[in-house]
Amino acid sequence: MSKTSRVTKQSKKTTSPGQNLIEKTNAFFDRYEKAFVVLSMTLGILMCILLFDVKVSLSGDDCDYIIAAGDFWKNGTYPGHHGPLYPILLSPFVGLLGVQLIVLKSISVIFMMTSLWLFYKSFRQIVPSSILLPALLLICINPHVLFFASYTYSEPLFMLMQALFFYLFSTHFRNGNSEFAFKKDWIKHLALAFVIMGMGLTRTIGFCTIGIIILYFMIERRWKEMISITGIFAIIFSTFYFLKPLIWPDSGSVHSFEELLAKNPYNLGQGPEDIPGLIRRVIENSHIYLSGFLYRYFGFRSHSAFPLESIPILTIFTYTLFIISLIFVFKKNKPLLFTGLYAGISTFANLVLLHSLWAQDRIIMVYYPYILLFLLGGAYYLLKNNRFKNFTWIYSFILISIFIGTSTHSMAKVGNNLPVLQQNILGNDLYGLTPDWENFIKMSRWANDNLDKNAVIASRKPSISYVYTGRNFAGIYNVPKGNLEDVVNLFDKENDENIFLVINLNKNIQLNLAPYIQYLLTSKKEDNFQINGETVTGAGIYQIPKSVFNEDLTSTLDSYNINYTLDHETFIKQYIDSKEPNYSITNPDILLKIIKDGNIKYLLLPKIRVYTPQNTGLYINTIHQYISFIHIKYPNSFTLIHTIGKEETCELVEYTGP
């Protein structure tokens with residue numbers, strides 16, 4: 001019998017007068033274990049129902065999984081730009097039933113609740129019940145965890161795969177002192193390797209689990225088992241990635257390491273991040289995820305504020321608490337030691353690899369059950385130490401505090417969601433959305449119902465448009481930017497035959513010169529550049545043949561009080577000498593070519609709020625900018641077809657240009 005088993009069985013003895021508060025708490029949970037498990041799982045299911053949301057998320061990421069599932073079912077397209085396993089598992093439901101959001105979301109509920117059941121089964125009788133049962137209850141009533149039970153994100157599946165991994169690995173915890181025999185145990189390691197493979201194919205970070213296992217076996221000096229699981233996993237991993245390009249030649253990846261380790265993931269030209277930059281990233285992410293999201297999950301920070309204010313001292317305290325917990329569980333409970341290594345290393349890997357601008361609480365949500373279990377275990381064994389026997393009441397205080405904080409968040413979240421859920425069930429499936437999103441989805445539906453079924457319609461959020469219509473929309477996610485070098489090269493190449501005219505965009509008039517526009521330069525900050533001493537935020541660069549440029553043109557410019565310059569080199573030098581890249585360079589012809597090449601006939605122009613909770617007048621104007629840049633060179637290229645909404649409207653325009 002292992003030491004852990006002996007401790008657990010001893011804890012199930014009846015309460016004696018000499019027991020301290022922690023021992024009494026342990027005896028209490030031992031006695032009512034079944035009742036607590038039933039209560040926790042029941043509350044978990046109830047919370048899933050009360051927090052259920054029939055709508056999709058505003059990010060559209062959950063819609064991307066649905067689209068990938070449909071593409072895999074219809075065309076066999078490998079979902080390389082997502083965690084592939086989740087859309088592959090969804091594909092039969094999408095392929096056979098179509099986009100039935102309630103069905104797809106119910107699958108997430110099943111994944112989530114099964115993972116919580118396996119979480120309990122994995123640690124039962126190997127972790128004291130006064131650690132495991134409170135942790136299970138706190139997770140089952142946590143609205144930030146169960147929020148994902150009604151969304152088609154990959155997180156519920158990852159939690160299921162993660163819980164299955166711990167369930168299988170718990171066998172090694174129980175039998176840590178037994179002699180390993182490959183002939184007897186290879187099947188267990190094969191199953192474990194397949195589960196780790198599933199974790200990695202759901203979220204790439206899951207592959208680091210094999211490294212954590214290797215580290216744990218090294219600490220335990222279980223060399224044969226380390227070699228066995230590592231070898232089996234290496235065979236499965238290499239076989240899959242050898243066959244994948246043969247079966248799916250066009251498969252991509254979620255995020256390349258080049259992108260993850262770049263200074264700017266959206267501009268790889270800025271190069272890889274240096275060591276100081278990575279350290280800065282870890283510090284920023286630690287504030288976001290540890291002192292921010294983690295303590296929101298504990299119930300100690302606002303349940304709705306975003307972004308959460310950084311509290312450096314809380315970040316330092318969390319790292320310190322984690323290290324202390326490792327020390328105190330090291331010899332006391334090996335399952336908890338492995339749990340701490342897994343949760344700590346996985347979380348830290350995310351802090352290193354993920355850019356801080358991607359801040360999302362779901363990154364740490366999947367590890368929260370294991371972080372909570374481990375930290376409660378650390379507090380438990382710390383306070384059981386004889387030096388702290390007079391402070392055992394602190395453990396009960398911690399449990400009660402987290403319970404109160406979590407319950408408060410739950411009541412607030414349920415209270416906010418219930419009226420919305422009631423209206424959604426009654427048939428108003430868009431109730432609860434802000435007007436900007438409601439008008440956007442209504443316009444997507446109107447376009448689907450009223451336009452030619454073969455017409456290509458562009459959308460800023462094509463995945464959301466698809467989910468609510470079943471129709472594929474073309475995506476316009478950004479305005480393609482040019483390089484300053486392109487402008488300089490144009491001057492150098494065409495200088496002999498042409499005149500280059502630079503005009504303030506705010507005072508731009510066409511003068512029949514629109515066809516000669518080559519580039520539009522716009523500043524990201526006001527009062528940034530100058531034309532003949534006049535501060536401008538944007539300028540048009542015209543390439544005019546010398547035969548066209550004459551005194552009549554300059555006289556017209558002067559008569560309209562249009563400030564311009566022919567000294568393009570001095571003007572461009574301001575951009576070259578700019579300390580920060582606070583400008584954008586756009587070529588209208590490139591934008592137009594994208595529309596033509598994509599056969600785009602219609603475009604949705606929603607006014608999606610920059611700040612979702614409140615209408616500040618600022619909205620995401622990507623497609624508005626897109627067509628306005630084209631309009632400057634090709635006037636009257638777009639015609640307004642339909643408008644929905646009185647405020648925060650969504651417009652539909654038709655491309656009628658050249």
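Numbers below:
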{"item": "Pairs, first in a loop (DSSP other than H, G, I, E, B) and modelled with pLDDT under 95 in segment 420-443, second β-branched (Val, Ile, Thr) and open to solvent by 30 Å² or more (accessible area, probe 1.4 Å), C-beta under 8 Å, six or more apart", "result": "Thr434/Thr612"}
{"item": "Criterion (out of contact with any helix residue (DSSP H, G or I) (no Cβ under 8 Å at 6 or more places or on another chain) and either modelled with pLDDT of 90 or more or of a type outside the set (D, E, K, R) (or both)) met by exactly one of Gly252, Gly299", "result": "Gly252"}
{"item": "Among the residues listed as Thr171, Thr114, the single one being open to solvent by 20 Å² or more (accessible area, probe 1.4 Å), hydroxyl-bearing (Ser, Thr, Tyr) and either farther than 20 Å from Leu89 by Cβ or not in a helix (DSSP H, G or I) (or both)", "result": "Thr171"}
{"item": "Members of segment 462-475 that are modelled with pLDDT of 95 or more and assigned to a loop (DSSP other than H, G, I, E, B)", "result": "Phe473"}
{"item": "Checklist (1) aromatic (Phe, Trp, Tyr); (2) touching a Lys or Arg at 6+ places or on another chain (Cβ under 9 Å); (3) open to solvent by less than 10 Å² (accessible area, probe 1.4 Å) applied to Phe119, failing item", "result": "(2)"}
{"item": "Candidate set from segment 455-485 (those that are among the aliphatic types (A, V, I, L, M) and in contact with a Lys or Arg (Cβ under 8 Å, 6 or more places away or on another chain)); member that is surrounded by the most Cβ atoms within 10 Å (Cβ to Cβ)", "result": "Ile457"}
{"item": "Segment 117-131 - residue that is in a helix (DSSP H, G or I) and among the aliphatic types (A, V, I, L, M) and, of those, farthest from Ile49 (Cα to Cα)", "result": "Ile131"}
{"item": "Matching residues in segment 615-658 - criterion: being surrounded by 15 or more Cβ atoms within 10 Å (Cβ to Cβ), assigned to a loop (DSSP other than H, G, I, E, B) and of a type in the set (Asp, Glu)", "result": "Glu648"}
{"item": "Selection within segment 356-384 - open to solvent by less than 20 Å² (accessible area, probe 1.4 Å) and within 24 Å of the chain's Cα centre (by Cα)", "result": "Ile364, Met365, Val366, Tyr367, Tyr368, Pro369, Tyr370, Ile371, Leu372"}
{"item": "Conditions (1) surrounded by fewer than 24 Cβ atoms within 10 Å (Cβ to Cβ); (2) more than 26 Å from Tyr241 (Cβ to Cβ); (3) within 31 Å of the chain's Cα centre (by Cα); (4) not aromatic (Phe, Trp, Tyr): number failed by Gln125", "result": "(3)"}
{"item": "Residue satisfying condition, being farther than 22 Å from Gly211 by Cβ and under 16 Å from the mean Cα position of the chain (by Cα), within set Pro276, Pro265, Pro312", "result": "Pro265"}
{"item": "Within segment 391-435, considering residues that are touching a Phe, Trp or Tyr at 6+ places or on another chain (Cβ under 7 Å) and closer than 30 Å to Leu618 by Cα, the one most open to solvent (accessible area, probe 1.4 Å)", "result": "Gln423"}
{"item": "Helices (runs of 4 or more DSSP H) contained in segment 6-76 and holding at least 3 residues under 28 Å from Leu399 (Cβ atoms) and either among the basic types (Lys, Arg) or modelled with pLDDT under 90 (or both)", "result": "21-31"}
{"item": "Residues of segment 31-77 satisfying the condition of being small (Gly, Ala, Ser) and either open to solvent by 40 Å² or more (accessible area, probe 1.4 Å) or under 27 Å from the mean Cα position of the chain (by Cα) (or both)", "result": "Ala35, Gly44, Ser57, Ser59, Gly60, Ala68, Ala69, Gly70, Gly76"}
{"item": "Criterion: basic (Lys, Arg) and either touching a His at 6+ places or on another chain (Cβ under 6 Å) or not in a loop (DSSP other than H, G, I, E, B) (or both) - qualifying residue of Lys481, Lys413", "result": "Lys413"}
{"item": "Extreme residue, nearest to the chain's Cα centre (by Cα), among residues of segment 87-108 that are open to solvent by less than 30 Å² (accessible area, probe 1.4 Å) and β-branched (Val, Ile, Thr)", "result": "Ile107"}
{"item": "Hits in segment 598-629 (condition: at pLDDT below 90 and of a type in the set (Ser, Thr, Tyr))", "result": "Tyr611, Thr612, Thr616"}
{"item": "Residue match in segment 299-307 (condition: outside any helix (DSSP H, G or I) and either touching a Pro at 6+ places or on another chain (Cβ under 6 Å) or basic (Lys, Arg) (or both))", "result": "yes"}
{"item": "Qualifying residue in segment 566-584 (condition: assigned to a strand (DSSP E or B) and open to solvent by less than 40 Å² (accessible area, probe 1.4 Å))", "result": "yes"}
{"item": "Within segment 183-263, helices (runs of 4 or more DSSP H) holding 3 or more residues that are open to solvent by less than 60 Å² (accessible area, probe 1.4 Å)", "result": "209-220, 223-247"}
{"item": "So Leu591, is it out of contact with any Pro (no Cβ under 9 Å at 6 or more places or on another chain) and outside any strand (DSSP E or B)", "result": "no"}
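The values are calculated or read from the model by the stated rules, or taken from the named source; none is laboratory data. Because the structure is a prediction, the values reported are computed rather than measured. So basically every Cβ, Gly included, is an ideal-geometry build from the backbone, and we count neighbours across all protein chains shown. The accessibility values were calculated without ligands, DNA or RNA, using every heavy atom of the protein model including side chains. Shrake-Rupley method; radii C 1.70, N 1.55, O 1.52, S 1.80 Å.
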